Amino acid sequence: MTFQDLNLIEPIQRALKTAGYKNPTPIQAQSIPTALQGRDLLACAQTGTGKTAAFAIPILQLMQSQGRNEGRNRPARALILAPTRELAIQIGESFDAYGKFLELRHTVIFGGVSQHAQTRNLQSGIDIIIATPGRLLDLMNQGFIKLDKIEFFVLDEADRMLDMGFIHDVKRVIRQLPARRQTLFFSATMPPVVAELANGILTRPEKVAVDPVSSTAERVEQAVFFVSKNQKRDLLIHLLKTEDIPTALVFTRTKHGANRVVKELDKKGIKAEAIHGNKSQNARQQALSNFKARRTRVLVATDIAARGIDVEDLTHVINYDLPNISETYVHRIGRTGRAGASGIALSFCDEEEQAYLRDIQKLIGQRIHVVKNHPFPMEEGQAATQPAITRPAANGYRNGRDNNGSQRNNWSNSQSNNRRRPKRSSTGAPVTSDRVDTRR
Ligand code: AMP
């Protein structure tokens, strides 16, 4: 299925193309047609499945086709409620990307910062509000926001919202919404308390579900190297020089970090380019097309710049820095191993990143192989012993199949059982290497 099959309007098609999206993910293919019909949706999908576009695209399209309200004091017509500031910001960025060629305006509202910039934005005329519940209620109480003209309401990550104790705030917000509205309800899991909330606010919803994001992690071969911060550079060069790594997308935490890595690789004759927010759109596009055409072997990116990068046959993702948000790890490694293909994700973990690694392993429910036999091991005593991993609660919709419907293999089990999995090259052929020893 392609995005054309979903009958999306031209400016949205163009925006998706600009973002590098080719085909809808399963949650998008299931949700978008239903939402475009104006129906309520009960969707079971985790972060990393493409769920944001699954609600953002139909809302943008429906709002656009209804015509635009003008004026600074026009009322908001869509409300997206998210549990955390990070998620709200990410959703805002998604609306930026998918609504790039539309004239609808959105703003992101969250607590922990001064409200001044937010209220100023609101007063400039906003069509879509993306908010966390606390600050939203606060601004509603102060009279800056009214919800009586909301036509589209999204409750995102409902289970997390409840876990974080926001149930009463959420209910307070819902009470202010008009009864006549379209509601899209997203949750990673569907325990009874979440289902009860959904029942109370949805009208004859269409139910859709996709596999949890952890299945992405199960498709990708993963290994971690404990290495000191100041030796990451040497380890990266060593791996690129000695391993069969045809293409690598390397993630750094900062833009400066990305530039530094490119410089070091260049010095060693390894063709690399950086892609991050300080580069012009043209420079980013050029770097991306060089990488896609394999003129550049290594693309170094920050998370924001890498959103939507879709490179066919990407063999390796290298986490030069581990992300502090575990879902980001899954997003990153999901760049390789697309559509059931096998990919390899290598992560560097320094002294300060071990807590991130623990969180990541908890999210994916796997213990990642530790490569001990490499030339730059972290000094004795600095590498923490790995804690036991318990799998997250099973998703009620989970059916043991991957996104394209085929039965999942047992690779994840073999990983958690500490058995060794043969390394594979990009062609799928096993690679035998004494240099990178993925045994524990
Ligand atoms: P989400 O689950 O909404 O947080 O999305 C996870 C990641 O997948 C984000 O980085 C999106 O930019 C990316 N993404 C979403 N839909 C698609 C698509 N159809 N093709 C390629 N990337 C996508």
Answer residue from the range 1-16, given it is part of a helix (DSSP H, G or I) and within 11 Å of the ligand (Cβ to nearest atom) and is nearest to residue 181 (Cα to Cα) among those: 6
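Scanning the range 352-368 for residues that are among the aliphatic types (A, V, I, L, M) and either at pLDDT below 90 or outside any helix (DSSP H, G or I) (or both), which turns out surrounded by the most Cβ atoms within 10 Å (Cβ to Cβ)?
364
Conditions (1) assigned to a loop (DSSP other than H, G, I, E, B); (2) buried (at least 24 other Cβ atoms within 10 Å of the Cβ); (3) within 13 Å of the ligand (Cβ to nearest atom), marked per residue:
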position	(1), (2), (3)
24	yes, no, yes
39	yes, no, no
43	no, yes, yes
56	no, yes, yes
Qualifying residue in the range 60-81 (condition: within 16 Å of the ligand (Cβ to nearest atom) and within 26 Å of residue 333 (Cα to Cα)): no
Residue match in the range 66-74 (condition: assigned to a helix (DSSP H, G or I) and either modelled with pLDDT of 95 or more or farther than 24 Å from residue 303 by Cβ (or both)): no
Condition check for residue 20: more than 12 Å from the ligand (Cβ to nearest atom), assigned to a loop (DSSP other than H, G, I, E, B) and not aromatic (Phe, Trp, Tyr): no
Residue match in the range 285-297 (condition: of a type outside the set (S, T, N, Q), on the phi > 0 side of the Ramachandran plot, within 13 Å of the ligand (Cβ to nearest atom) and outside any helix (DSSP H, G or I)): no
Any hit, the range 131-141, residues being surrounded by 20 or more Cβ atoms within 10 Å (Cβ to Cβ), part of a helix (DSSP H, G or I) and modelled with pLDDT under 90: no
Residue under evaluation residue 101, criteria (1) within 14 Å of the ligand (Cβ to nearest atom); (2) over 16 Å from residue 126 (Cβ atoms), criterion not met: (1)
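The values are calculated or read from the model by the stated rules, or taken from the named source; none is laboratory data. Nothing here was measured: the structure is a model prediction, and the numbers come from that model. Every residue, glycine among them, receives a Cβ derived from its backbone with ideal geometry; neighbour counts consider all protein chains shown.
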